[in-house]
Amino acid sequence: MVSKVLFITKEGKFYYDGDVHKVESITDLTNVEIKFSMPMIVYDVDNVNLDYFIVNYGNLQVGEYNLANIINFIVQYNYLLFVDHSKKRIDIYLNGGTEISLPYGYLDLLRYLLAKISSGVLLESTDFTTLYSF
């Protein structure tokens, strides 16, 4: 079953119901999980490109997938990646209803990798107080 999730950020609201949408409002919150979020922090390194990750780490197993598979998913599909710090998990919501969970231990590597990919929405968990204190 496809999840219904509303991500609320200071910059806007993103809704996932099998596809990723930026929304102004949503009228029916039945069975919708609400997550307070902020933009994900990524670390860009100038002399490293996406090919570097594919060649050097492409075969690295990250949960059920290797890194090359994950790169392929997020380059081909519109996606929303969400890091849930309280549950210690990383979820990728892809258009078409595919949802992937990754081990939290790979977060540091993903912060460098995702800086090289311009598509998608990158969010991480926060609380309501922190969200509106900026």
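The values are calculated or read from the model by the stated rules, or taken from the named source; none is laboratory data. Bear in mind that the values here come from a model prediction, so they are computed numbers and not experimental data. Note: ideal-geometry Cβ built from the backbone for every residue, glycine included; neighbour counts use all protein chains shown. Just the protein is used for accessible areas: all its heavy atoms, side chains included, with ligands, DNA and RNA removed. Shrake-Rupley method; radii C 1.70, N 1.55, O 1.52, S 1.80 Å.
If the segment from residue 73 to residue 21 were pulled out straight at 0.36 nm per residue, it would be longer than the present Cα-Cα gap by 17.0 nm. Only Lys, Arg, Asp and Glu carry charge here, each on its Cβ (+1 for the first two, -1 for the last two); on that basis the chain has a dipole of about 140 debye about its Cα centre. Of the GluC sites (Glu not before Pro) found in region 25-120, those that fall in a DSSP loop while having at most 14 other beta-carbon atoms within 10 Å are 64. Summing Lys and Arg as +1 and Asp and Glu as -1 over all other residues whose Cβ lies under 13 Å from the Cβ of residue 41 gives a net charge of -2. A 1.4 Å probe, protein heavy atoms only, puts the accessible area of residue 44 near 100 Å².
Counted residue by residue at 0.36 nm each, then reduced by the alpha carbon distance between them, the extension gain from residue 13 to residue 112 reaches 33.2 nm.
Of the labelled figures (i) 15.4; (ii) 18.1; (iii) 14.9, only one reflects Kirkwood radius over Cα pairs in Å as derived from the coordinates, namely (i). Which residues does the label zone of residue 33 cover in region 97-121, counting backbone N under 20 Å from a point 7 Å along Cα→Cβ? Correct set: 97-107, 121.
Looking at region 45-103, which trypsin sites (Lys or Arg not before Pro) are in a loop (DSSP not H, G, I, E or B) and have at most 16 other Cβ atoms within 10 Å? Qualifying residues, ordered by number: 87, 88.
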